[in-house]
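Enquirer: Pasting a structure below so you can have a look.
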């Protein structure tokens, strides 16, 4: 096959192949869940040992949740920055061994200068924002007028008043990015793709909104005039009210979506491919009046997804993106995804509605698709299976047609589909139940804390996974 042609089932994008064009197996495991991480940071030996396990298992894609600083509940989807990384991920022992930040930075001065130059679109604002939330008020809309409005003179004056603290924020970000670069290099050497996650909206209390207020639907006091959510459906009679400020898409269109392109550039320095969470919001978004008690009073508004993705395709050949197209998806959303050759997601846990046209049934998959046994928002496959009523569990048993215990029946089924990429949460590979669930949507506490046991990733497990990778005709890593 010619290198410039896309394989059957994959749309061609400016002559470049999508990173997920080959038939591979993957794992979904956030960095905070790595075994051994509590012994000294996630981005040191813990990450490298995990990559060795993935290589031995033949797994070629490692998907993580956003690396952004999490909120007070641990969620990385409500972060004070869409570009910064959580410093809690870093292995700070290496910094301490060098005598602290200054000692660690000294032999890396050239790299640090390059980092500050590459990340100047967000780094300085984030540093000032981080210090100001500590020194003034966690809510930026309560700051003095000039600083609240992100007036350049006021921002510069605040930075001059707090030079050491601002510099420390920048330096600590460099530590995390540099350690992640080491992980990325190690993954590349093992033939493993790193797969990131892009929340669609920032939080109101974020450096992104403070520094770019004209790009959001805000009033003069910095408060949203409308917020994000989704309408009522069979999951919720009142819909979901997320509360994130909505984009002022008309402003973003005027400069060719420069903010989006800068944001994607940051993520594509960190990852080989990135998932756009709530992709349907690029075709139309649910706008809820600010102050509403729930999402029922919202309405649909058109979004310029075609124009945005056209600019992305011009800037990033190959369109190294994945569309999170779960939930109630309209033909218009499917058409937008297909026009730009983006793979979508299918989840085996969603295949049992009884509808023969259910898109999550494997017979409907196209090769340019990602299949999951479950996601970070689902129960583990074993927990899900155990919670089924007897009749539905019987349907699942007949459909899978195997005597292999769950969740390996699900894993086998996912690997055997036409989908180019089969991704399994680490909890499913480990055969864990509902006690290992990562997140329950709509529940604020008790999430994001699961971590793999130190003795969980055994050579026997790696051999079992690799055998299934080879038996299903998937390309092993390395």
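Enquirer: Output yes when any residue across the stretch 124-139 is modelled with pLDDT of 95 or more, within 14 Å of residue 177 (Cα to Cα) and assigned to a helix (DSSP H, G or I), and no when none is.
Expert: Checked the stretch 124-139: no residue is modelled with pLDDT of 95 or more, within 14 Å of residue 177 (Cα to Cα) and assigned to a helix (DSSP H, G or I).
Enquirer: Return a yes/no flag: does the stretch 32-43 have any residue that is in contact with a helix residue (DSSP H, G or I) (Cβ under 6 Å, 6 or more places away or on another chain), more than 19 Å from residue 430 (Cα to Cα) and either assigned to a helix (DSSP H, G or I) or free of Cβ contacts under 8 Å to residues at least 60 places away in the same chain (or both).
Expert: Yes: one or more hits.
Enquirer: Next question, about the same structure. Determine whether residue 261 is touching a strand residue (DSSP E or B) at 6+ places or on another chain (Cβ under 8 Å), free of Cβ contacts under 8 Å to residues at least 60 places away in the same chain and either outside any loop (DSSP other than H, G, I, E, B) or at positive phi (or both).
Expert: So residue 261 fails the test.
Conditions tested, residue by residue: (1) out of contact with any helix residue (DSSP H, G or I) (no Cβ under 6 Å at 6 or more places or on another chain); (2) under 28 Å from residue 477 (Cα atoms); (3) not in a helix (DSSP H, G or I).
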{"position": "55", "(1), (2), (3)": "yes, yes, no"}
{"position": "67", "(1), (2), (3)": "yes, yes, yes"}
{"position": "74", "(1), (2), (3)": "yes, no, yes"}
{"position": "88", "(1), (2), (3)": "yes, no, no"}
{"position": "103", "(1), (2), (3)": "yes, no, no"}
{"position": "116", "(1), (2), (3)": "yes, no, no"}
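Enquirer: I'd like the full set of residues that are within 24 Å of residue 440 (Cβ to Cβ) and surrounded by fewer than 17 Cβ atoms within 10 Å (Cβ to Cβ), limited to the stretch 391-410.
Expert: 392, 393
Enquirer: Please find, among 474, 386, 413, 418, the residue that is touching a helix residue (DSSP H, G or I) at 6+ places or on another chain (Cβ under 8 Å) and exposed (fewer than 15 other Cβ atoms within 10 Å of the Cβ). Before you say what the answer is, go through the steps one by one.
Expert: On the way: 474 fails: exposed (fewer than 15 other Cβ atoms within 10 Å of the Cβ); 413 fails: exposed (fewer than 15 other Cβ atoms within 10 Å of the Cβ); 418 fails: exposed (fewer than 15 other Cβ atoms within 10 Å of the Cβ).
It is 386.
Enquirer: Hey, any hits in the stretch 95-106 for a residue that's surrounded by fewer than 20 Cβ atoms within 10 Å (Cβ to Cβ), within 13 Å of residue 170 (Cα to Cα) and at pLDDT below 95?
Expert: Checked the stretch 95-106: no residue is surrounded by fewer than 20 Cβ atoms within 10 Å (Cβ to Cβ), within 13 Å of residue 170 (Cα to Cα) and at pLDDT below 95.
Enquirer: Closer than 28 Å to residue 237 by Cβ, loosely packed, with under 15 Cβ neighbours inside 10 Å and touching a residue at least 40 places away in the same chain (Cβ under 8 Å): does that describe residue 289?
Expert: Numbers: closer than 28 Å to residue 237 by Cβ: yes; loosely packed, with under 15 Cβ neighbours inside 10 Å: yes; touching a residue at least 40 places away in the same chain (Cβ under 8 Å): yes.
In short, yes.
Enquirer: Taking residue 25, is it closer than 15 Å to residue 477 by Cβ, touching a strand residue (DSSP E or B) at 6+ places or on another chain (Cβ under 8 Å) and either surrounded by fewer than 23 Cβ atoms within 10 Å (Cβ to Cβ) or modelled with pLDDT of 90 or more (or both)?
Expert: Working: closer than 15 Å to residue 477 by Cβ: yes; touching a strand residue (DSSP E or B) at 6+ places or on another chain (Cβ under 8 Å): yes; either surrounded by fewer than 23 Cβ atoms within 10 Å (Cβ to Cβ) or modelled with pLDDT of 90 or more (or both): yes.
Against the criterion (closer than 15 Å to residue 477 by Cβ, touching a strand residue (DSSP E or B) at 6+ places or on another chain (Cβ under 8 Å) and either surrounded by fewer than 23 Cβ atoms within 10 Å (Cβ to Cβ) or modelled with pLDDT of 90 or more (or both)), residue 25 qualifies.
Enquirer: Out of 189, 157, I need the residue that is surrounded by fewer than 16 Cβ atoms within 10 Å (Cβ to Cβ), modelled with pLDDT of 95 or more and within 25 Å of residue 59 (Cβ to Cβ). Which one? Give the derivation first.
Expert: Working: 157 fails: within 25 Å of residue 59 (Cβ to Cβ).
Exactly one of 189, 157 is surrounded by fewer than 16 Cβ atoms within 10 Å (Cβ to Cβ), modelled with pLDDT of 95 or more and within 25 Å of residue 59 (Cβ to Cβ), namely 189.
Enquirer: Here are some conditions: (1) under 15 Å from residue 465 (Cα atoms); (2) assigned to a loop (DSSP other than H, G, I, E, B); (3) in contact (Cβ under 8 Å) with a residue 60 or more places away in the chain. Residue 442 meets all but one. Which one does it not meet?
Expert: Single failed check for residue 442: (1).
Enquirer: Just need a number here: residues in the stretch 255-272 that are surrounded by fewer than 18 Cβ atoms within 10 Å (Cβ to Cβ) and under 16 Å from residue 186 (Cα atoms).
Expert: 1
Enquirer: Here's another thing I want to ask about it. Given (1) over 29 Å from residue 355 (Cβ atoms); (2) touching a residue at least 24 places away in the same chain (Cβ under 8 Å); (3) not in a loop (DSSP other than H, G, I, E, B), where does residue 457 come up short, assuming only one miss?
Expert: With (1) over 29 Å from residue 355 (Cβ atoms); (2) touching a residue at least 24 places away in the same chain (Cβ under 8 Å); (3) not in a loop (DSSP other than H, G, I, E, B) applied to residue 457, the lone miss is (3).
Enquirer: Further, regarding this structure: Could you list, in sequence order, the residues of the stretch 181-205 that are out of contact with any strand residue (DSSP E or B) (no Cβ under 9 Å at 6 or more places or on another chain) and either in contact (Cβ under 8 Å) with a residue 24 or more places away in the chain or closer than 16 Å to residue 131 by Cα (or both)?
Expert: Passing the criteria: 182, 186, 190, 191, 205.
Enquirer: Could you tell me which of the residues 325, 306 is within 24 Å of residue 369 (Cα to Cα) and buried (at least 20 other Cβ atoms within 10 Å of the Cβ)?
Expert: Answer to the check: 325.
Enquirer: If we scan the stretch 398-407, do we find a residue that is touching a residue at least 60 places away in the same chain (Cβ under 8 Å) and over 24 Å from the mean Cα position of the chain (by Cα)?
Expert: Looking through the stretch 398-407, none of the residues is touching a residue at least 60 places away in the same chain (Cβ under 8 Å) and over 24 Å from the mean Cα position of the chain (by Cα).
The values are calculated or read from the model by the stated rules, or taken from the named source; none is laboratory data. This is a predicted model, so every value here is computed, not measured. Virtual Cβ from ideal backbone geometry, glycine too; neighbours counted across all protein chains shown.
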